[in-house]
Amino acid sequence: MTVTHEDELQEQFDATIARHDRIEPRDWMPEGYRKTLVRQIAQHAHSEIIGMQPEGNWITRAPSLRRKAILLAKVQDEAGHGLYLYSATETLGASRRELTDMLISGKQKYSSIFNYPTLSYADVGTIGWLVDGAAICNQVPLCRTSYGPYGRAMIRICKEESFHQRQGFELLMTMMRGTDEQRAMVQESVDRFWWPALMMFGPPDADSPNTAQSMAWGIKRDTNDELRQKFVDMSVPQAEVLGVTLPDPELRWNDERGHYDFGQPDWEEFAQVVRGAGPCNTQRIAHRKRAHDDGAWVREAATAFAAREI
Ligand SMILES: [Fe+2]
Ligand SMILES: [Fe+2]
């Protein structure tokens, strides 16, 4: 049997993954690995950028200068996360322009959570606490992902996400120490965001056909259900400290498992939101397209300037 060059490269790749070493842009990689990474990192980048909208909605109506400064900084951080991640996809041969087109045309997705509206200022706190909290559960294992540029981007992103979560919790804590009306606002917000936050980990493992391959490649380190459990276990004691009730009658500690038992989100609603029929899908994409069109002159000017420099 003759060993082809391709077989040797595949062997080296497999050995690198088995050693838990990193694959770098200059290394050979299977086409499926490259495509899976581009899709996952692009979806992640799109989520950061679209995720600026629900909270950006409240920047002009922040209740104090301090809250406005915090919210502005947080939304800007998310733009930064999008940029690191688009840069990581460029190391795999994708271009930001092509990925933005795929987002706007609906060919690539972003996290379902950002298709829900933000109806009160308490939502800024709840998003920080639960949505950034869920993002941290998803993303901390990605710091050890097998593709170098993605893992390194995640290290910095995770540091900022944990700051986001703390600011959200602090905002909610402040409101919970306020008036009855403020406490009711927090509870109403948590009631709306709890189930969509659980959906952020994706469908149950049994309905997640790509998980096994992604784990074999070292792209993903934990399954959707494992991450969801981690998030529930982390959030329940925090909800107790806050004094809010999580809207799940099945939520209770299971001594045998050493974890909380919990109910399932409405997976039919999740499927609908992913298909584009969520409460804000159309609005989010229209806004992104408008912002992209409005930025055309900046891209043109930058291109003209770069041509002159050469
Ligand atoms: Fe982020
Ligand atoms: Fe964040």
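The values are calculated or read from the model by the stated rules, or taken from the named source; none is laboratory data. Fair warning: this is a prediction, and the values are worked out from it, not measured in the lab. All Cβ positions, glycine included, derive from the backbone under ideal geometry; neighbour counts span all protein chains shown. Just the protein is used for accessible areas: all its heavy atoms, side chains included, with ligands, DNA and RNA removed. Shrake-Rupley method; radii C 1.70, N 1.55, O 1.52, S 1.80 Å.
Assorted remarks:
- Surface accessible to a 1.4 Å probe, S95 within the full protein complex, Å²: 50
- The Cα-based radius of gyration of the stretch 99-157, divided by its Kirkwood radius, gives an Rg/Rh of 1.06.
- Tensor-based shape of the stretch 63-127 (alpha-carbon gyration tensor, a/c under 1.5 rounded, otherwise prolate or oblate): oblate
- Modelled this way, with points 7 Å down the Cα-to-C-beta line, the labels at R152 and A271 are 4.2 nm from one another.
- One Cα centroid belongs to the stretch 110-155, the other to the stretch 253-310; the line between them spans 11 Å.
- Gaussian network model of the chain, Cα within-10 Å springs - most flexible of L227, L172, L65: L65
- Residues with amide H under 5 Å from that of Y147, placed H, sequence gap 5 or more: I23
- Note on the stretch 183-310: Rg/Rh from C-alpha atoms, Kirkwood Rh, equals 1.15.
- Separation in nanometres of the label points that stand 7 Å from Cα toward Cβ, at E170 and E8: 5.7
- Separation of the stretch 59-92 and the stretch 158-172, taken as the distance between their Cα centroids, equals 13 angstrom.
- Dividing the summed helix terms, -39500 (n - 2.57) for each DSSP H run of n ≥ 4, by the number of residues in the chain produces a 222 nm estimate of -20500 deg cm²/dmol to the nearest 500.
- Percent of C-alpha pairs per 10 Å bin in the stretch 191-232, short distances first: 29, 51, 17, 3.
- Descending by average beta-carbon neighbour count within 10 Å, the peptides 270-281, 42-53, 243-254, 110-121 line up as 42-53, 110-121, 270-281, 243-254, the highest first.
- Around the Cα centre of the chain, unit charges on the Cβ atoms of Lys, Arg, Asp and Glu (plus for the first two, minus for the last two) sum to a dipole of about 1180 debye.
- Selection among T174, I157, G128 by position relative to the dipole of the stretch 128-207 gives I157 as farthest towards the positive end (Cβ unit charges, Cα centre).
- Debye intensity ratio I(q)/I(0), log10, the chain, q values 0.08, 0.09, 0.12, 0.13 Å⁻¹ (C-alpha model): -0.40, -0.50, -0.87, -1.00
- With the simple model of a label 7 Å out from the Cα in the direction of the Cβ, R257 to S105 spans 4.3 nm.
- The stretch 163-229: C-alpha gyration tensor shape, a/c 1.5 cut-off, then a/b vs b/c: prolate
- Taking one quarter of the surface of the C-alpha convex hull of the stretch 24-107 gives a mean projected area of 6.3 nm².
- Accessible-area rank, largest first, for I219, I70: I70, I219, with all protein chains present and a 1.4 angstrom probe.
- Dimensions of the stretch 106-234 based on its C-alpha atoms, expressed as ranges along the principal axes with the largest first, amount to 51, 32, 30 Å.
- Whichever aspartates and glutamates have a C-alpha closer than 20 Å to that of K74, once near sequence neighbours (fewer than 8 apart) are set aside: E48, E55, D123, D132, E160, E161, E170
- Heavy atoms of E300 accessible to a 1.4 Å probe, total area in Å² rounded to 10: 130
- Long-range Cα-Cα pairs in the stretch 1-149 (distance over 24 Å), rounded percent: 44
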